[in-house]
Amino acid sequence: MAPSSYVIVTAHNEADRIGATLAAVGSVFPGAPVFLADDGSTDATPETGLLAGARLVRSERVIGKGAAATAAARNAMRQARADADADAEAEAGGGDGGGGDGGEERAGAVFILCDADLGDSARELGALAEVIRRGDGEMAVAVFSRRTGGGFGLALAFARWAIRRRCGFLTSAPISGQRALGPGVLEDVLPFAGGFGMEVGMTIDAVRAGHRVVEVELDLSHRATRRTPAGFVHRARQLVDFVRAYRARG
């Protein structure tokens, strides 16, 4: 029987949190293949991920979150197709006449995207997958119930405006990396926008393709960026990538 869930975890130098994140993901999606999209980490993130049983999709240099996640997502989709085809062949061999098409079987799969810094709170992600399975949406996006850290909100405000401007969707969490998608949606939003523009581009592309995007408030936590020089540099890089994703979808 093919797995019903496929998980893509994005990471860059998260050795201190990736283990807890993968353990939590494994508890809520037992038996699901987990693909670790490692964006050129220089710490023990890849090794920790492998020890935890993740399938490593690694770039030896930093290529940006969007590109790293695209490679892992394509690996996940190939695995989902292979699993569905194997199920179809097994059913056909059983002589019950229900072999069908692997693509039809694959329609039941849910792809979960998350960041590596969630730690134990990644257990909350099951709620996103359930939204897709119930048919309440075709892309479910997590809204953090607790806000920690952050700057003055300029990058976030631009991301929210850019999505509304390009596709008319009003979002509370325009840059949340915690998402669940059906297979048809994932096909329509690949390749992801470059760098930190990934989520902005994904939302615009999904809505434009006619998919229903819903937001779900979850009790998640992650590594927060503070009002420090490093934090402001990070948010400046985010803003540049948001602008690029917005302009590319003009």
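Read-outs throughout are calculated quantities, based only on the coordinates presented, and are distinct from any laboratory measurement. The structure presented is a predicted model; accordingly, all values stated were derived computationally and were not measured. FYI the Cβ positions are ideal-geometry reconstructions off the backbone, even for glycines, and counts take in every protein chain you see.
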(message) If I build a Gaussian network model for the chain, linking alpha-carbon pairs within less than 10 angstrom, which residue out of 139, 198, 77 has the largest mean-square fluctuation?
(response) 77
(message) Looking at the chain as a GNM with Cα springs under 10 Å, which of 50, 156, 181 has the largest mean-square fluctuation?
(response) 50
(request) Search the structure for amide H atoms under 5 Å from the amide H of residue 217, placed 1.01 Å from N in the peptide plane, and list their residues when 5 or more places away or on another chain. (result) 143
(request) Show the residues, 5+ positions off or on another chain, whose built amide H is closer than 5 Å to the amide H of residue 171. (result) none
(message) Using helices alone, I'd like the mean residue ellipticity at 222 nm for the chain: each DSSP H run of four-plus residues gives -39500 (n - 2.57), total over residue count, nearest 500.
(response) -14000 deg cm²/dmol
(request) Quickly work out the residue 85-to-residue 237 label distance, labels modelled 7 Å from Cα along the C-beta direction, and quote it in nm with one decimal. (result) 3.8 nm
(request) Run through the DSSP bridge list for the chain and note the antiparallel percent, rounded to the nearest 5. (result) 20 percent
(request) Give me D for the range 5-248 in µm² s⁻¹, whole number, from Stokes-Einstein with Rh from the Kirkwood sum over alpha-carbon pairs, 25 °C and 0.890 mPa s. (result) 134 µm²/s
(request) Work through the residues other than residue 166 whose Cβ is under 11 Å from its Cβ and net out their charges, Lys, Arg +1 and Asp, Glu -1. (result) +4
(request) Tally the DSSP beta bridges in the range 104-250 and give the antiparallel ones as a percent, rounded to 5. (result) 50 percent
(message) How would 167, 114 line up from fewest to most surrounding beta-carbon atoms within 10 angstrom?
(response) 167, 114
(request) Could you tally the net charge around residue 24, taking each other residue with its Cβ under 14 Å from the Cβ of residue 24, Lys/Arg +1 and Asp/Glu -1? (result) -4
(message) Once you place label points 7 Å from the Cα toward the Cβ at residue 47 and residue 60, how far apart are they in nm?
(response) 1.8 nm
(request) Counting only C-alpha contacts under 8 Å and six or more residues apart, can you give the relative contact order of the chain as a whole percent? (result) 22 percent
(message) Less than 14 Å Cβ to Cβ from residue 61, Lys/Arg counted +1 and Asp/Glu -1: what total charge do the surrounding residues give?
(response) -1
